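Contents: one structure, followed by commentary.
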Amino acid sequence: MIDFLVRKFVRDYDKVQDVRVRQRYGNLASCIGVLCNLLLFGGKFVVGTLFQSVAITADAVNNLSDAGSSLISLVSFRLSSRPADSGHPFGHARIEYIASMVVGILVLTLGVELIRSSIDHIAHPPAIEFSWVSVGVLAASILVKLWMFSYNRTLGKRIDSMVMQATATDSLSDVLATGAVLLSTIISPAIGFQLDGYMGALVALFIIVSGIRILKDTLNQLLGQMPDQELTNMIATKVLSYDGVLGIHDLMVHNYGPGRCFASAHVEVSSSVDILKSHDVIDNIERDFDTDCGIHLVIHLDPIVTDDERVNALRIKMEQIIRSIDPLLSMHDFRVVLGETHSNLIFDVSVPFACKKADDEITQAIYSAVSQMEGKCYAVVTIDHAYISETKGKTKMN
């Protein structure tokens, strides 16, 4: 069913990186969401009003808010697909995150209001009534919401849309909430006790938890979070696959919304290779990432000495020292300035967030260890807080 709708209404549906295709996916999902939720709202509101059920009415209002959320998603897909301009050189794709936050706020507000209504029904419970119409409407709603969860999750993953993923989460919460209302409708007449207000409160709690989850996920995206490990591994592996590349470090990935990925990295090459040849390799890497992966990658070229036995021996010694201080630490940009009276060992130390040692503690430990090395050496250390888990390289210099 989902694939049929995609093939029917989304032109060039396989080109999911295309901004226009993403908008078509968003339009399809939003229109289906508005239609389904309005139908569910109408059916539940009529039944809830006729049988004076606050739980069913609350569930109906929840569906109405979902229809509003789908409209917000529709508008966000249109706005986020606008091209970059002088005021927004990285495009407008982050509008999807803002729309997702608006959805989360609406869901949270609705949950709080429904708590208040449910408490009133607990204090003043209406008469107990049973209706097969109510049972039928609620059961149908559960089936529809399960399908909506499935298609929103599938399409959201396909086009990497946080708004659609948030909508899928909301639909799953609706299934649990409506299930609770259905249970109340069946059980209350059997036990002679009105559960309607209690189930209404339970529905509201489901809605509040869903809203908090949506807001948390969206805030993480807006604040900037550690890039996905699978993505950073892919970037590192691809860069290291090029001839002449010895290592990669200081990789940073910036997300400006779906399809708007920018990255920068330092790439190590041998200083003995002609600089123009190495620069050509770097140009090819940047071009290939843009074409093959849709990632705007900017690379800083780091030439390192690989054919000097003394420098290589000092590099190996420093790697051992740094690992002995903390196995999580790694070193890059190593170079040596040899002198008649002393030698300066110049390098950066990557400190991941998992490392519990303070920067001063690390540098003092390095200074102490280097002072005991033969040949009167001094360390010139730059502490570098890593944006990925580790520095990667494919060649050992020895």
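Length gained on full extension, Ile346 to Gln229, computed as 0.36 nm times the residue gap minus the Cα-Cα distance: 39.2 nm. Ordered by the count of other Cβ atoms within 10 Å of each Cβ, fewest first, Ser150, Ser80, Ser330, Ser278 give Ser150, Ser278, Ser330, Ser80. Going by neighbour counts of Cβ atoms within 10 Å, the residues Arg315, Arg78, Arg11 line up, fewest first, as Arg11, Arg78, Arg315. Exposure proxy for Trp132, Trp147: other Cβ atoms within 10 Å of each Cβ, ordered fewest to most, give Trp132, Trp147. Charge tally for Ser210 (other residues, Cβ to Cβ under 15 Å; Lys, Arg +1; Asp, Glu -1): -2. Between the beta carbons of Thr291 and Ile191, assuming R0 = 56 Å, the FRET efficiency works out to 0.25 to the nearest 0.05.
Using the average count of surrounding beta-carbon atoms within 10 Å as a protection proxy, the listed peptides 241-249, 260-268, 289-297, 334-342 rank, highest first, as 260-268, 241-249, 289-297, 334-342. Could you state, as a whole-number percent, how many of the C-alpha pairs of segment 1-116 are farther apart than 23 Å? In whole percent, the share of Cα-Cα pairs in segment 1-116 beyond 23 Å is 43.
Using θ = phi - 60° in the Karplus curve 6.51 cos²θ - 1.76 cosθ + 1.60, the 3J(HN,Hα) couplings for segment 94-108 round to 5, 4, 4, 5, 5, 4, 4, 5, 4, 4, x, 5, 4, 4, 5 Hz; x is entered for Gly and Pro.
Using Cβ point charges alone (K and R +1, D and E -1), the dipole size of the chain about the Cα centre works out to roughly 1240 debye. Go through Lys157/Lys356; Lys277/Lys376; Lys157/Lys216; Lys238/Lys357; Lys15/Lys44; Lys216/Lys238 and tell me which ones have a Cα-Cα distance over 29 Å in this structure. Long pairs (Cα-Cα over 29 Å): Lys157/Lys356; Lys277/Lys376; Lys238/Lys357; Lys15/Lys44; Lys216/Lys238.
Counted over segment 227-304 with a bin width of 10 Å, the fraction of Cα pairs per bin, in whole percents, is 19, 56, 22, 4, 0. According to the Cα-based calculation, Rg over Rh for segment 129-260 is 1.23, with Rh computed by the Kirkwood formula.
If both residues of a DSSP beta bridge must be in the chain, then about 45% of such bridges are antiparallel.
First measure r as the distance between the Cβ atoms of Lys317 and Lys8, then evaluate 1/(1 + (r/R0)^6) with R0 = 56 Å and state the FRET efficiency to the nearest 0.05.
0.25
Normalising the average separation of contacting C-alpha pairs (under 8 angstrom, six or more residues apart) by the number of residues puts the relative contact order of the chain at 13 percent. Computed 3J(HN,Hα) for segment 193-204, one whole-Hz value per residue from the Karplus formula 6.51 cos²θ - 1.76 cosθ + 1.60 where θ = phi - 60°, is 9, 7, 8, 4, x, 5, 5, x, 5, 5, 4, 4, glycine and proline marked x. Taking label positions 7 Å along the Cα-Cβ direction at both Val46 and Asp359, the computed distance is 6.7 nm, reported to one decimal. Of all alpha-carbon pairs in the chain, indicate the percentage at a distance above 30 angstrom. Everything past 30 Å amounts to 57 percent.
When only alpha carbons of segment 2-223 are considered, Rg and Dmax amount to 18.8, 67 Å.
Once backbone amide H atoms are built at 1.01 Å from N, Asp302 has Val267, Glu268, Val269 as its partners under 5 Å, excluding neighbours fewer than 5 places away on the same chain.
Per-residue 3J(HN,Hα) values for segment 354-366, derived from phi via the Karplus relation 6.51 cos²θ - 1.76 cosθ + 1.60 with θ = phi - 60°, read 6, 6, 8, 7, 6, 4, 5, 5, 5, 5, 5, 5, 5 Hz in sequence order (x marks Gly and Pro). Here segment 319-336 is scanned for amide nitrogen atoms under 14 Å from the site 7 Å beyond the Cα of Ile383 along Cα-to-Cβ, giving 326, 329-330. Using the rule -39500 (n - 2.57) for each DSSP H run of four or more residues, divided by the residues of the chain, the 222 nm mean residue ellipticity is -21000 deg cm²/dmol. Diffusion of segment 90-138 by Stokes-Einstein, at 37 °C in a medium of 0.692 mPa s and with Rh set to the Kirkwood radius over alpha-carbon pairs, works out to 228 µm²/s. Only one residue of Thr237, Val269, Gln372 has its Cα farthest out toward the positive end of the dipole of the chain, where Lys and Arg carry +1 and Asp and Glu -1 on Cβ, and that residue is Thr237.
Within segment 227-304, DSSP assigns beta bridges of which about 45% are antiparallel (rounded to the nearest 5). Share of antiparallel DSSP beta bridges in segment 259-382, in percent to the nearest 5? So the antiparallel bridges amount to about 30 percent of the total. Once you reduce segment 216-257 and segment 1-24 to the center of their Cα atoms, the two points are 27 Å from each other.
Hey, could you get me the Stokes-Einstein D for segment 306-398, Kirkwood radius over alpha-carbon pairs, 10 °C and 1.306 mPa s, rounded to whole µm² s⁻¹? If you can, show how the numbers build up before the last one.
Working: Rh = 13.6 Å.
The diffusion coefficient I find is 116 µm²/s.
Does anyone have the angle between helix 162-191 and the longest principal axis of the chain? Alpha-carbon axes, 0 to 90°, nearest 10? Once rounded, the angle reads 40 degrees.
Every read-out reported here was derived from the displayed coordinates using simple, explicitly stated rules and does not represent laboratory data. Bear in mind that the values here come from a model prediction, so they are computed numbers and not experimental data. Please note: Cβ atoms are built from the backbone with ideal geometry, for glycine as well, and neighbour counts cover all protein chains shown.
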